[in-house]
Amino acid sequence: MCGIVAYIGTKPARPLLIEGLKRLEYRGYDSAGLAIMNGGLHCARAVGRVSVLENKVDQLGGFDGSLGIAHTRWATHGSVTEANAHPHRDDKSGIAIVHNGIIENYASVRTLLTEKGHRFTSETDTEVLAMLIGELYDPANGFDLERTVQSALREVTGAYAIAVVCEHEPDTLVVARKGSPLMVGIGSGEYIVASDPSAIVAHTTQAFPLDDYNVVKLSRDGFRTSTVDNLPITPKVTQLELELEEIELGGYEHYMRKEIFEQPNALRNCFRGRLDHKEGKVVLGGLQAYAPQLVRSRRIILTAQGTALHAAMIGEYLLEELAKIPSEVEYASEFRYRNPIIEDGTVVVAVSQSGETADTLAALHEAKDRGALALGVINAVGSTISRETHAGVYLRVGPEIGVASTKAFTGQVAVLTMMTLFLARRRFMSTEASARLMIELDAIPEKMDRVLEQDAFIKSVTEKYIHRENWLFLGRGYNYPTAMEGALKLKEISYIHAEGMPAAEMKHGPIALIDEGMPVVFIANKGPQYDKVMSNIEEVRSRGGHVIAVATEGDQAIKHVAEDVLYVPEVADPLSPLLTVVPLQLMAYHAAVLRGHDVDKPRNLAKSVTVE
Ligand code: M6R
């Protein structure tokens, strides 16, 4: 959602904060702001991209200190205006604050503060927190900035990652977290705090994440970590594994395109050391300790949102067909609030690229509270969900920056396939059957390369339909979730209305939408349901729809019924989404570019959704 970066050290804070904000811009980009201590607080905010803020700060001048806080916003409370942008300030004690998350009881706190005479200038919950800290600040009675932040946070409910400065303590930065990610990077004589390691890694690789209810007071001489109740704690300093090149565009025009093309190598990394062909076994170190319990599990619930949910849907099919474990998928946001049944032997798997999605995190807490064994299928190393699950498997596909998830999807499907084989082989699957699928899995990256080679052709097909405002995506079996993913990709970056569904569902209503020339994308690979899909294609054709088929190499029959055919190499049906999704990702990418949209920063969206 929003991004936070803060700095205290000896270098000029301004370029460092601006550079950090640019790296975090993918988390939210409707407005941005910063405050720098320089004989008092200098504050600037701007609607629009970080570059607008950068120009404004350059023109204003005076932002020359070495302590500052900065923010890039994705609006939750209040519209996109300069007044609602962060930092927010109080009207009494020289406080400035940047905040990610939502203060849920902000309305009642605001009423109390208004009665005390405070005057608000924004519609945000964050300004309420700034005023509350300002109201409680009383250094003469022991309430310095650190103690005051602790007190204020005990009064609020909801989620927060905050960075706070005070004009009366020009050498102190206080940061805290509950529910929204935040980490402290440790440099030499300097600290960089950020909501995401990508804003830290250019400066240091030593860092520690804050846990919920942690407060850190930072000065140039050191730091102190405590809870909101002021109990001292010792942070776990670790090495950030992120490489700077991984978060750079590296010659690509957009992160989304880069990440689509990274998929073959990303999957090679994902598989490395995990496929033991000789034994026909998948080796997943993160699950090993729980293997006996997992093998005996009676039900698996996969929970996620968005693209991760589509991957989880494929996981459900894999687990039931190959590992023979009853499985189901549930939106994390629904699971959390509907009193789910967790019995003995229920395993809950949270699937998330960022490991920070608030809905998925809340579902995980619910599952753990009800006694489930909780696993994670996560990309971001050290993220909150990865730390809070009992065990799990990392995707190892590298950081994903593009808001539209691509390589994380294939990584999630790949990991869920390996988890399935890990269990299936220990249950009923023969060494030979498992080894056969592992060989196929290993061959996926090379086959993906062949799909990517068709990029220019896929662009030319997309171009033909670019003025169409309604698309359908249809598939069956393992490729029903792929159809949903294709539709999600198209709508989120090109703003074309698209729906994805099981191909057979079309005739139960959506068929009414089909008119002359409507693009209907069929995933018609050579699988067990190929003939049925062909019948559905005929239903579309006879109503004037234009069929774009994703089909298996060598299929000539499909050419007679589809206007356009995008071929993928032959592959075992359970693994087919790993290939069939790639042309859909490229179609969505080209549609967005052809329509002139900012692919990496689609409107109203943010990379990581850290509010429920
Ligand atoms: O970080 P997560 O995988 O938990 O994110 C879940 C969804 O917010 C995410 O997949 C979203 O749907 C993407 N924008 C899809 O491209």
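Taken together, the values in this text are just the output of simple stated rules run on the coordinates, not laboratory data. Predicted model only: the values in this text are computed from it and were never measured. Neighbour counts are summed over all protein chains in view; Cβ atoms, including those assigned to glycine, are modelled from backbone coordinates with ideal geometry.
Please report the equivalent ellipsoid semi-axes of segment 208-336, computed as sqrt(5 x eigenvalue) of the Cα gyration tensor, largest first, in whole Å.
After diagonalising the Cα gyration tensor, the semi-axes are 35, 25, 18 Å.
At 37 °C and 0.692 mPa s, what whole-number value in µm²/s does Stokes-Einstein give for the translational diffusion of segment 305-380, with Rh from the Kirkwood sum over Cα pairs?
The calculation lands on 262 µm²/s.
What is the Rg over Rh value, at two decimals, for segment 35-167, using alpha-carbon atoms and the Kirkwood definition of Rh?
So for segment 35-167, dividing Rg by the Kirkwood Rh gives 0.96.
Report the rotationally averaged projected area of segment 2-246 based on its alpha-carbon convex hull, in square nanometres.
Convex hull of Cα atoms, orientation-averaged projection: 11.9 nm².
Report the semi-axes of the equivalent ellipsoid for the chain in whole Å, largest first, where each axis is √(5λ) for an eigenvalue λ of the Cα gyration tensor.
45, 27, 21
Show the residues, 5+ positions off or on another chain, whose built amide H is closer than 5 Å to the amide H of Thr157.
The list, which skips near neighbours in sequence, is Glu104, Asn105.
With axes computed from alpha carbons, what is the tilt in degrees of helix 577-594 against the longest principal axis of the chain, rounded to the nearest 10 within 0 to 90?
Tilt of helix 577-594: around 60 degrees.
Measuring from centroid to centroid over Cα atoms, what is the spacing of segment 131-203 and segment 351-387 in Å?
So the two Cα centres are separated by 25 Å.
What lysines sit close enough to Lys11 to cross-link, taking a C-alpha to C-alpha distance under 27 Å and skipping anything fewer than 8 places away on the same chain?
Lys22, Lys56, Lys217, Lys236
Given the C-alpha atoms of segment 524-563, compute the convex hull and give its volume per residue in Å³.
Considering the Cα atoms of segment 524-563, their hull volume per residue is 55 Å³.
Beyond 22 Å, what share of the Cα-Cα pairs of segment 454-600 remains, rounded to the nearest whole percent?
Considering segment 454-600, 30 percent of its Cα-Cα pairs are separated by more than 22 Å.
Compute the helix-to-body angle for 125-136: its Cα long axis versus the longest principal axis of the chain, expressed 0 to 90° and rounded to tens.
30
So what is the calculated 222 nm ellipticity per residue for the chain, using -39500 (n - 2.57) for each DSSP H run with n of 4 or more, over all residues, to the nearest 500 deg cm²/dmol?
It comes out at -11000 deg cm²/dmol, rounded to the nearest 500.
Using θ = phi - 60° and the Karplus relation 6.51 cos²θ - 1.76 cosθ + 1.60, list the HN-Hα couplings for segment 459-472 in order, rounded to whole Hz, with x at every Gly or Pro.
With the stated coefficients, segment 459-472 comes to 4, 5, 5, 4, 4, 5, 10, 5, 8, 7, 9, 9, 10, 10 Hz.
If you project the alpha carbons of segment 249-452 onto their three principal axes, what span does each projection cover, largest first, in Å?
Cα spread of segment 249-452 along its principal axes, largest to smallest: 49, 40, 25 Å.
Please give the charge dipole size of the chain, origin at the Cα centre, charges +1 on K and R Cβ atoms and -1 on D and E Cβ atoms. Round to the nearest 20 debye.
Rounded to the nearest 20 debye, it is 720 debye.
Please list, ordered by chain and number, the residues whose modelled amide H lies under 5 Å from the amide H of Gln206; skip anything fewer than 5 residues away on the same chain.
Result for Gln206 returns Ile186, Leu240.
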